[in-house]
Amino acid sequence: MGYDVHITRSENWWDEDGQDINTAEWEAVVAAHPGLVMVPMWWNAGRIVSKNPSDAVIATMCQVAKVLEARVQGDDGEYYDA
C-alpha cells in the first residue's frame, strides 16, 4: 500500500464527473518534455498518478498540472502548489 498523488481536472480525484485528461494529452506532454519518462508518473482513468512521490516529483507534477490546466491532489484531498 502507498500514498498516491494525482493530477486531475475534477473537483476531487475520486469524482467520476469532470473533464478527464486523455491519453493523447498526456502523451503530448511527455513528448514535449522527454525528461518526464524518468519521473514515476502514469496515466490512469483520466488522471495522472504517482505513488509515494518525493517533494521533487510533486513539484514536477505541479508543473505538468499547469500545462494540462489541472491541479495536484493527494489521496486525502489536500491540494499541492508549486
With respect to ALA56, determine if the residue is at pLDDT below 95 and open to solvent by 30 Å² or more (accessible area, probe 1.4 Å). no
Selection from segment 60-75 of residues that are open to solvent by less than 40 Å² (accessible area, probe 1.4 Å) and either among the aromatic types (Phe, Trp, Tyr) or over 20 Å from GLY18 (Cβ atoms) (or both): THR60
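Residues checked against (1) charged (D, E, K, R); (2) part of a strand (DSSP E or B); (3) open to solvent by 70 Å² or more (accessible area, probe 1.4 Å):
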{"position": "ILE7", "(1), (2), (3)": "no, yes, no"}
{"position": "ALA31", "(1), (2), (3)": "no, no, yes"}
{"position": "VAL49", "(1), (2), (3)": "no, yes, no"}
{"position": "GLY77", "(1), (2), (3)": "no, no, no"}
Please go through segment 9-29 and give me each residue that is within 14 Å of GLN73 (Cβ to Cβ) and open to solvent by 30 Å² or more (accessible area, probe 1.4 Å), ordered by number. ARG9, GLU11, ASN12, TRP13, TRP14, ASP15, GLY18
Is there any pair with a first residue in segment 46-75 that is within 16 Å of ARG9 (Cβ to Cβ) and touching a residue at least 60 places away in the same chain (Cβ under 8 Å) and a second that is in a loop (DSSP other than H, G, I, E, B) and of a type in the set (S, T, N, Q) whose Cβ atoms are under 7 Å apart and which are 6 or more apart or on different chains, and what are they? GLN73/ASN12
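The values are calculated or read from the model by the stated rules, or taken from the named source; none is laboratory data. Computed from a predicted model, the values in this text were never measured in an experiment. When we count neighbours, we look across all protein chains shown, and the Cβ atoms used for this are built from the backbone with ideal geometry, even at glycine. The protein model used for the area step is the full one, side chains on, heavy atoms only, and it has no ligands, DNA or RNA in it. Shrake-Rupley method; radii C 1.70, N 1.55, O 1.52, S 1.80 Å.
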